[in-house]
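Q: Quick one: structure below, then a few questions.
The values are calculated or read from the model by the stated rules, or taken from the named source; none is laboratory data. Computed from a prediction, not measured in an experiment: that's the story for all the values here. Neighbour counts are summed over all protein chains in view; Cβ atoms, including those assigned to glycine, are modelled from backbone coordinates with ideal geometry. We work out accessible area using only protein heavy atoms, side chains counted, and drop any ligands, DNA or RNA first. Shrake-Rupley method; radii C 1.70, N 1.55, O 1.52, S 1.80 Å.
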Amino acid sequence: MTTNKLTMDQLGDLPIALSLDKPLDQLLGLQEDIATAETNLKRAKAWLSAALDLRFQADAAKLRKDDGKDFGAVRLEKVEADEQFLIECDLEKKVEWDQAKIGTAVLALQAAGEKPREYVETAYKVGETKFKAWPERIRKLFEPARTVKPGAAKYRITKKEPE
């Protein structure tokens with residue numbers, strides 16, 4: 001194993017082309033360090049988010065209630081140790097729609113003589129697994145609407161144990 005470890009701090013100054021000369025064990029070590037850093041970052045963000053929510057949720061909820069709203073941004077002003085702080089608390093609204101019920105509503109609009117496209121957007125999706133399982137005559141109907149593009153390449157280095 002190579003002892004000259006490649007670190008995340010070095011990456012900003014290191015041209016990518018130099019990676020061609022780096023031993024695979026260094027790239028493996030870097031890959032592992034990045035995975036650990038991602039895990040630690042996620043854990044730290046979750047902890048901080050929970051701590052801020054615990055500390056400011058009640059005050060923010062009161063301000064929202066006073067403003068007559070259930071969601072959105074409010075600002076808290078706090079003073080600690082003779083320093084002033086402004087805390088922005090944004091509670092986003094997440095809306096989910098029941099697709100089957102929307103379909104029923106669209107049919108009701110059509111039956112009433114309305115134009116559903118004025119009110120809703122329609123998006124068709126075809127799962128790739130289902131597409132491949134369709135009979136060929138059905139696939140041929142849909143093939144002109146299908147475009148296949150490459151996604152981002154992903155590489156993972158693993159160390160192979162000696163046999």
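Q: When you scan the range 49-61, do you find a residue that is open to solvent by less than 100 Å² (accessible area, probe 1.4 Å), under 26 Å from Phe85 (Cβ atoms) and in contact with a Cys (Cβ under 6 Å, 6 or more places away or on another chain), even just one? Before you say what the answer is, go through the steps one by one.
A: In the first step, residues of the range 49-61 are kept if they are open to solvent by less than 100 Å² (accessible area, probe 1.4 Å); the result is 49-53, 56, 58-61.
Adding the requirement that they be under 26 Å from Phe85 (Cβ atoms) leaves 49-53, 56, 58-61.
Filter once more, keeping what is in contact with a Cys (Cβ under 6 Å, 6 or more places away or on another chain): 56, 60.
Within the range 49-61, one or more residues are open to solvent by less than 100 Å² (accessible area, probe 1.4 Å), under 26 Å from Phe85 (Cβ atoms) and in contact with a Cys (Cβ under 6 Å, 6 or more places away or on another chain).
Q: Additional query: Residues that are more than 30 Å from Gln57 (Cα to Cα), among the hydrophobic types (A, V, I, L, M, F, W, C) and not in a helix (DSSP H, G or I): does the range 92-114 have at least one?
A: yes
Q: While we're looking at this one, here's another question. Restricting to the range 15-33, count the residues that are loosely packed, with under 13 Cβ neighbours inside 10 Å and either among the aromatic types (Phe, Trp, Tyr) or not in a helix (DSSP H, G or I) (or both).
A: The qualifying residues number 2.
Q: For the range 124-133, check the following and say yes or no: at least one residue is modelled with pLDDT of 90 or more, open to solvent by 100 Å² or more (accessible area, probe 1.4 Å) and in a loop (DSSP other than H, G, I, E, B).
A: Checking the range 124-133: at least one residue is modelled with pLDDT of 90 or more, open to solvent by 100 Å² or more (accessible area, probe 1.4 Å) and in a loop (DSSP other than H, G, I, E, B).
Q: Here's something else I'd like to know. Which number in (1) outside any helix (DSSP H, G or I); (2) within 30 Å of the chain's Cα centre (by Cα) marks the one condition that Thr36 misses?
A: Thr36 satisfies all of (1) outside any helix (DSSP H, G or I); (2) within 30 Å of the chain's Cα centre (by Cα) except (1).
Q: List the pairs whose first member sits in the range 134-163 and is farther than 23 Å from Leu28 by Cα and modelled with pLDDT under 95, whose second member is open to solvent by 90 Å² or more (accessible area, probe 1.4 Å) and of a type in the set (Ser, Thr, Tyr), and whose Cβ atoms are under 9 Å apart, counting only residues at least 6 apart or on separate chains?
A: Ala145/Tyr124
Q: What pairs can you find where one residue is in the range 38-64 and farther than 15 Å from Lys78 by Cβ, the other is outside any helix (DSSP H, G or I) and open to solvent by 100 Å² or more (accessible area, probe 1.4 Å), and their Cβ atoms are less than 8 Å apart, with a gap of 6+ or different chains?
A: If the second residue must be outside any helix (DSSP H, G or I) and open to solvent by 100 Å² or more (accessible area, probe 1.4 Å), the pairs left are Arg64/Asp70.
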